[in-house]
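Please read the structure below before turning to the comments.
The values are calculated or read from the model by the stated rules, or taken from the named source; none is laboratory data. Bear in mind the structure is a predicted one, so any value in this text is a computation, not a measurement. As a convention, Cβ positions derive from the backbone with ideal geometry for all residues, glycine included, and neighbour counts pool all protein chains shown. SASA here: full protein model, heavy atoms, side chains in, ligands and nucleic acids out. Shrake-Rupley method; radii C 1.70, N 1.55, O 1.52, S 1.80 Å.
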Amino acid sequence: MSSSSSALPATIPAPTMNGTGVRSVWDHNFKAVSDIVRSVARRARHVALTVQYPGCPFVVQNAGERKPYEKLTAEERYQEVRANVDALRPIQVGLAIRAGDGEPLVFEFNLRGFDINNPADLRDPKSIQYLEARGVEFSRLPRDGIESCRLRWLLWDSGLIRARPSWATFAGGYHVAYAVSILTGRELPASLDSFTERVASVFGRGIYDVKKISREHHPGHTGALTKLAERLGIVPAEQVHGVVAGAGAALALRVFETLKETVEASCLQGQSLELCGLHFR
């Protein structure tokens, strides 16, 4: 693994979402939000997960150059994810929880740990600019953020994990890997097979990558989550510019539920964790 980064102009529109409120969670309102999560956790049917993190500075190299993603083996893709997740600190966790027939509850947990002013906290500068352009308040994280251990305790103690809902992500390798790291408080396993087992022990096997579902059942639906949502008719084009963790989770949930309605249930149920939950293979 080696480190690689480059700059990107911060000219991306601020995040917007249509019709779904996102609760921004910091230290001062964590207890109140925890009570809300606990009130619905055991009835959760679908949960979408998004994690924002400070980029991917570690990459697999071949002869001193980054090896093209499409030429990586599944194991190499996992090792790249593992190197980054074990070395970097996550910034936000977005959860969209569907517990009934009404609107889902959407939360954006701002995590303490990453300090933009600390050179020891590894990052890819272009990812930081990307998130800053979407309104991530990096200066508040060291002071007002939530410790990952408190979020871990909430998600286990509330019963959300044990409720075994269907979990949805978009291009979910990194999202699931960071979530597993947070929920176990441990570094990632040494191999992809061991990681797959750990994911199943935490989330069960009802975990779906909506990018992979869309690619396999709607070949014309490719690209970013916002583009996929637009093509599925979920959000008007003018409403789907840049998203951060909470809004991204809300959008991923709507895309998952739309795909679930259009793809035969037998197709979804037949997909294994390796095929659907992890975007490595």
Test: Y178 is open to solvent by less than 40 Å² (accessible area, probe 1.4 Å) and hydroxyl-bearing (S, T, Y): yes
Count of the stretch 197-211 residues which are open to solvent by 10 Å² or more (accessible area, probe 1.4 Å) and part of a helix (DSSP H, G or I): 5
Residue within the stretch 68-77 that is surrounded by 21 or more Cβ atoms within 10 Å (Cβ to Cβ) and either farther than 29 Å from P189 by Cβ or within 20 Å of the chain's Cα centre (by Cα) (or both) present: no
Residue match in the stretch 45-57 (condition: modelled with pLDDT under 95 and aromatic (F, W, Y)): no
Condition check for G94: within 20 Å of G246 (Cβ to Cβ), open to solvent by 20 Å² or more (accessible area, probe 1.4 Å) and either not hydroxyl-bearing (S, T, Y) or not in a helix (DSSP H, G or I) (or both): no
Unique match (being in a loop (DSSP other than H, G, I, E, B), polar (S, T, N, Q) and modelled with pLDDT of 95 or more) among N117, N110: N117
Count of residues meeting criterion [outside any helix (DSSP H, G or I), open to solvent by 30 Å² or more (accessible area, probe 1.4 Å) and under 13 Å from D115 (Cα atoms)] in the stretch 125-141: 1
Residues of the stretch 212-236 satisfying the condition of being farther than 11 Å from R254 by Cβ, open to solvent by less than 50 Å² (accessible area, probe 1.4 Å) and among the hydrophobic types (A, V, I, L, M, F, W, C): I213
Residues (open to solvent by less than 10 Å² (accessible area, probe 1.4 Å), within 21 Å of D209 (Cα to Cα) and either over 15 Å from the mean Cα position of the chain (by Cα) or of a type in the set (D, E, K, R) (or both)) located in the stretch 156-175: L160, I161, P165
The stretch 117-133 residues that are closer than 16 Å to V85 by Cα, paired with ones that are among the charged types (D, E, K, R) (beta carbon under 7 Å, 6 or more apart): D121/R89; D121/D115
